1. Between F234 and H212, take the C-beta separation as r, use R0 = 35 Å, and let me know the FRET efficiency to the nearest 0.05.
2. Give me the net charge of V150's neighbourhood, meaning all other residues with Cβ under 10 Å from the Cβ of V150; Lys, Arg count +1, Asp, Glu -1.
3. Quick check on the stretch 257-389: take the gyration tensor over C-alpha atoms, sort the square-rooted eigenvalues as a ≥ b ≥ c, and tell me if it's rounded (a/c under 1.5), prolate or oblate.
4. Amide H of V131 versus every other amide H placed in the peptide plane: which residues, excluding those fewer than 5 positions away on the same chain, fall under 5 Å?
5. For the chain, count all C-alpha to C-alpha pairs, find those more than 31 Å apart, and express that count as a whole percent of the total.
6. For the stretch 275-293 and the stretch 170-236, what is the centre-to-centre distance using only Cα atoms, to the nearest Å?
7. What are the lysines whose alpha-carbon lies under 28 Å from the alpha-carbon of K300, with same-chain residues fewer than 8 places away excluded?
8. Among E357, E137, E127, which comes first, then next, by fewest other beta-carbon atoms within 10 Å?
Amino acid sequence: MTELRPETRTVHLPQPPLNGSRPIAVPLYQTSGFVFDDPAVFADGMNRPDGAFVYGRLSNPTVRALEEAVAGLEGGAGAVATGSGMGAINAVFLGLLQPGDHLIAQKALYGGTAAVINDLVARFGMEVTYVPEDDPEALRAAVRPSTKLVYLETIANPVTQVADLPGMCAAAREAGLVSVVDNTFASPVLCRPIEHGADVVVHSTTKYLSGHADVLGGIAVFADDGLYRKVWKFSTHLGATADPFAAWLTLRGIQTLPLRMERHCANARELAVRLDAHPAVAAVHWPGLPTHPSYALAAKLLPDFGGVFSFDLVGGRAAGERFMSSVRLALLAPSLGGVETLIMQPSTTSHKSLTAEELVRHGIEEGTVRVAVGIEHVEDLWADFAQALA
């Protein structure tokens with residue numbers, strides 16, 4: 001080739017070889033596509049999730065590293081990373097359900113998931129039956145010929161009911177249904193739903209997996225390779241693909257996940273116990289308290305009880321709003337799983353799309369305050385809560 005002109009040389013930049021070494025950290029492949037010498041390899045990569053890297057919407061080395069990492073943590077056959085947790089949930093719902101299908105979901109759900117299910121019912125003629133998260137017999141009684149899927153949350157948002165995953169997933173499998181479990185609140189450190197019979201596990205990687213409030217992402221992990229390939233193919237058309245930089249940041253976060261979860265849980269325990277004894281608090285919802293309805297099940301299923309809890313103040317909504325306006329260290333903000341402690345009012349934020357009747361079904365009162373406990377020193381957190389309660 002003749003000597004290239006500057007206009008061409010600035011486009012075709014050299015890429016240094018690794019010369020036998022390999023990087024310690026997963027590299028960030030911030031590229032939209034990949035170049036081929038062999039047309040057959042190019043074509044093959046377009047059609048399967050484990051083929052050659054072709055185009056960012058289909059596959060990317062950094063994103064695949066994240067998918068393989070989380071699939072390994074959850075014990076799955078494969079994973080599809082997405083641009084958000086809701087992207088993962090929608091990819092699974094839309095990839096596996098058809099108009100007219102019936103699905104069974106637990107009564108207490110994240111507000112965004114509940115809104116998606118309501119939309120599927122309204123727009124596609126689907127049907128939904130809600131059952132308690134710990135009642136396999138209610139699940140069995142709800143099954144119809146048109147039932148295709150069961151949807152559960154390991155630890156429910158925000159009142160922290162714990163699902164009977166072994167019992168519910170077994171009942172789903174008996175009926176030939178796909179069981180999907182949102183494991184965001186537990187993380188793979190506290191629970192691996194596939195070990196309890198789940199077919200699909202979803203996460204908002206925005207939360208504990210990335211862990212630093214600087215990433216938006218989601219992932220769906222599949223126990224079965226065929227199910228994985230089916231949803232991967234649909235997700236490439238849906239376009240909910242994870243960004244390589246977000247995947248790279250999430251991989252960095254995962255390396256400290258066990259350490260962070262230990263502190264999140266320890267801090268949550270101390271705060272929940274102290275709040276439960278405070279005269280200004282009407283109720284605390286954390287499955288590690290013996291008074292919580294899910295305590296016995298959680299103690300059997302989980303090694304610890306998570307870093308999120310909610311509580312109701314004497315005085316209801318007005319008292320809750322005064323508390324949230326009075327904290328100085330905790331931050332009034334959405335999301336969870338970062339190093340900072342965050343508080344919010346679910347009835348006006350994460351679950352704002354629900355009707356008053358639906359809020360009651362989820363166990364949420366107008367004044368319920370949700371706390372996503374960070375990794376600060378617990379005595380500093382308690383001092384902040386105590387002054388706000390006063």
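1. 0.70
2. Within the 10 Å Cβ shell, the charges total +1.
3. It comes out rounded by the Cα gyration axes.
4. A105, Q106, K107
5. Here the long-distance tail beyond 31 Å is 40 percent of all Cα pairs in the chain.
6. Taking the Cα centre of each part, the stretch 275-293 and the stretch 170-236 sit 30 Å apart.
7. K107, K207
8. Sorted ascending by nearby Cβ count, the order is E357, E137, E127.
A short reminder: the numbers here are calculations on the coordinates, not readings from a lab. What you see is a predicted model; the values in this text were computed from it and never measured. Virtual Cβ from ideal backbone geometry, glycine too; neighbours counted across all protein chains shown.
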